[in-house]
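The values are calculated or read from the model by the stated rules, or taken from the named source; none is laboratory data. Quantities reported herein were computed from a predicted structural model and do not represent experimental measurements. Note: ideal-geometry Cβ built from the backbone for every residue, glycine included; neighbour counts use all protein chains shown. Areas reflect the complete protein model, heavy atoms only, side chains present, ligands, DNA and RNA absent. Shrake-Rupley method; radii C 1.70, N 1.55, O 1.52, S 1.80 Å.
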Amino acid sequence: MSHVDKVLGLVSQAPCQDGVDFTGYDLKGISLNGATFIFATLKEVNFDECELVDVNFSKANLGKATFRGARLKNVIFSNAQLQESDFENSTLVNCNFENANIEQSNFASFISTKCTFKGANLSFCNFYSANIEESNLSFSRIMYSNLKQIAIDKSNLTGCNARGADFSFS
């Protein structure tokens, strides 16, 4: 059952949805602009094929959320919990994952342009065939992650801990 209409109704009344609990909601294909979900609980939420612009998920719990095929621009995930999330085939532009915990997540074939992952925990992630451009991964942890056939261009990896990561054919 889709929860898109319910969430759109709530956001149209008050874009600030800080602290809400939308655990397990199906928001596939939703289009949100300018909403905030700071400290919200959004575990196992389906954001597949959504379009998010200027949305703030700072310090939110998005464990096991899916963003497959999503388009995200200027979205803030700083200090968020995103363990076991799925960003496969998504496009991220100018998104902020600073100090987020994103371990064991899937970023296969995703495109990241001008995104910040500074200090983020990206250990045990799958970045197979990802394209990362002009992004900041400084001081992040990508330990034991799969980075096979990844394309990284004009990105900052200063202080990045990549122990055990597989960069084969990159």
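Scanning segment 108-118 for residues that are more than 17 Å from Lys73 (Cβ to Cβ) and of a type outside the set (Lys, Arg) yields Ala108, Ser109.
Pairs linking a residue in segment 149-170 that is over 17 Å from Ser135 (Cα atoms) and in a strand (DSSP E or B) to a residue that is open to solvent by less than 60 Å² (accessible area, probe 1.4 Å) and not hydrophobic (A, V, I, L, M, F, W, C), with Cβ atoms under 9 Å and 6 or more positions apart or on different chains, are Asp166/Ser145; Asp166/Asn146. Candidates in segment 108-126 are the residues that are farther than 15 Å from Met143 by Cβ and in a loop (DSSP other than H, G, I, E, B); of these, the one that is most open to solvent (accessible area, probe 1.4 Å) is Lys114. Within segment 19-29, the set of residues being open to solvent by less than 70 Å² (accessible area, probe 1.4 Å) and either touching a strand residue (DSSP E or B) at 6+ places or on another chain (Cβ under 8 Å) or under 19 Å from Ala100 (Cα atoms) (or both) comprises Gly19, Val20, Phe22, Thr23, Tyr25, Asp26, Leu27.
Given the criterion among the aromatic types (Phe, Trp, Tyr) and open to solvent by 10 Å² or more (accessible area, probe 1.4 Å), identify the matching residue among Phe39, Phe77. The unique qualifying residue is Phe39.
Listed by first and then second residue, the pairs with beta-carbon distance under 6 Å, at least 6 apart or on different chains, first residue in segment 72-87 and closer than 11 Å to Ser105 by Cβ, second among the basic types (Lys, Arg), are Glu84/Lys64; Asp86/Arg68.
Taking the criterion of being surrounded by 23 or more Cβ atoms within 10 Å (Cβ to Cβ) and either under 16 Å from Val93 (Cβ atoms) or polar (S, T, N, Q) (or both), the residues of segment 138-157 that qualify are Ser140, Ser145. In the set (1) open to solvent by 50 Å² or more (accessible area, probe 1.4 Å); (2) in contact with a strand residue (DSSP E or B) (Cβ under 7 Å, 6 or more places away or on another chain); (3) more than 26 Å from Met143 (Cβ to Cβ), His3 fails one condition alone, (1).
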